[in-house]
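Before any comments, here is the structure.
The values are calculated or read from the model by the stated rules, or taken from the named source; none is laboratory data. Model, not experiment: these values are computed from the prediction. Counting neighbours? That spans all protein chains shown, and the Cβs are built from the backbone with ideal geometry, glycine included. SASA here: full protein model, heavy atoms, side chains in, ligands and nucleic acids out. Shrake-Rupley method; radii C 1.70, N 1.55, O 1.52, S 1.80 Å.
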Amino acid sequence: MGSSSGLNPSGPLHFGHKAMFDVLLWLQRSYGAHIYIPITDDESYLVGKQPSLKQARETALNEVIPSIIALGFDPAKTKILLHSAYPPISQLAIAVSRHTTYNNVRGLFGWEGHENPGIVFYMGGLQFASILMPQLDELGGPRPVLVPVGIDQHPYISLARDVARKLHIVPPSEMIWKFLPGLRHPGKKMSASVPGDAIFLTDSPEDARDKIRRCYSGGASYFEAHRLYGAVPEVCSAFNLLTYNMEDQEEWRQLHDDYAAGKLLVSEVKALATDMVSMILKEHADRRADARQRLDEFLMDDPLPSVTGTDTVFSRMDGA
């Protein structure tokens, strides 16, 4: 079994990103899944999140990839491919992109005609090539591939499944996970671009404490009303941090019920979230120092002769 999920790096990872990688870690530790993580620094530049491709690559190498490694992936079963530094992925995109059409991709993503040509190639070739890549013959051949994604990434899976059928390989499956809501806007996913909305994995425990102290609450404005009517845990940003990071489900359920009944105060929930987040940040900081020295263990540099050489991609493309 393989699993793949990419990341568009514009800065340090935050707890919203961690939620996705926690799913990948669970798949690897529970089922021995081989994990492929495309880092789409090319997209970061093309959509204007980074001023240059060089800056996008440096952000990936200095900020993003060390944090991914520090989360605890097994180097024997994990490959991180940095798009701009891994030519075979572009060559694979060229090979597989002829099995779809511009109109098909345009309709799928809702383009209106003002997209730059690089975005057209990225979304219409590079991204779904990354999803299909684990099924190349030298990487194990056709096999089930599961991709944890947010609902906004579904079009890529749809396109990859369509092309996979034409190549006679296994259409990839998707696991749609719920976004971790932000600290300032509980109805929206955590965002690095909104001040105070995200807790970064590079934040200090003090920074995280201040952000949680100011975050959106699910409790009533007045003490008496909170005790009488209770809180709405699902819209409380501090409680959502507990929801996405607590491993003991019985303990989580008790906290949920007590908070909803008004037995647990907002200040107590924020204190619990602060303690948990602070512990995660301290442990992560220690592991990041070591992770910076381990990039070569994870960065993909496989030559992929079926893409770059004379062999046929997937050994089936001529007959597709």
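Using the alpha-carbon positions of the chain, Rg (one decimal) and Dmax (whole number) come out as 21.3, 74 Å. Please tell me the relative contact order of the chain in percent, rounded to the nearest whole number, where contacts are Cα pairs under 8 Å and at least six residues apart. Relative contact order of the chain: 21 percent. Rg and Dmax of the range 78-142, based on Cα coordinates, read 12.9, 39 Å. Report the normalised scattering of the range 221-284 as log10 I(q)/I(0) at q = 0.16, 0.17, 0.24, 0.30 Å⁻¹, calculated by the Debye formula with identical scatterers on the alpha carbons. Log-scaled intensity ratios, in q order: -0.50, -0.56, -1.00, -1.36.
Pairs of lysine residues in the range 167-320 that meet both criteria, 8 or more places apart or on different chains and Cα atoms under 17 Å apart, total 6.
Residues within the reach of a label modelled at E115 (point 7 angstrom out along Cα to beta-carbon, backbone nitrogen below 16 Å), restricted to the range 139-167, are 152-163. Computed over the range 190-320, the Cα gyration tensor eigenvalues convert (square root of 5λ each) into semi-axes of 44, 20, 14 Å, ordered from largest to smallest.
Expressed as a rounded percentage, what relative contact order does the range 182-285 have, with Cα pairs under 8 Å and six or more residues apart? Can you show the working numbers first?
Values: 140 pairs, mean separation 31.7, N = 104.
Averaging sequence separation for qualifying contacts and normalising by length gives 31 percent for the range 182-285.
Label-to-label distance, E138 versus R253, with points set 7 angstrom from Cα along the beta-carbon direction: 5.0 nm. A crude spin-label estimate for the pair K263 and E58, with each label 7 Å from Cα along the Cβ direction, gives 5.4 nm. Amide hydrogen proximity for L264: with H placed 1.01 Å from N in the peptide plane, the residues at 5 or more positions away or on another chain lying under 5 Å are Y259.
Roughly how far apart, in whole Å, are the Cα centres of the range 6-63 and the range 89-130? Computed from Cα coordinates, the inter-centre distance equals 20 Å. Treating r as the C-beta distance of R213 and D290 and R0 as 35 Å, the FRET efficiency rounds to 0.65. Per residue, the chain exposes an accessible area of 46 Å² to a 1.4 Å probe, with every protein chain left in place. For K54, a cut-off of 22 angstrom between C-alpha atoms picks up these lysines, skipping any fewer than 8 places away in its own chain: K79.
By average Cβ neighbour count within 10 Å, what is the ranking of 127-135, 73-81, 46-54 from highest down?
Taking the mean over residues of other Cβ atoms within 10 Å, the ranking is 127-135, 73-81, 46-54.
Between A76 and H185, the distance separating the two model label sites (each 7 Å from Cα on the Cα→Cβ line) works out to 4.5 nm.
Once the Cβ-Cβ distance between Y229 and W26 is put in as r, and R0 is 41 Å, what FRET efficiency do you end up with, to the nearest 0.05? Let's see the in-between values first.
On the way: r = 36 Å, r/R0 = 0.87.
Once rounded, the FRET efficiency stands at 0.70.
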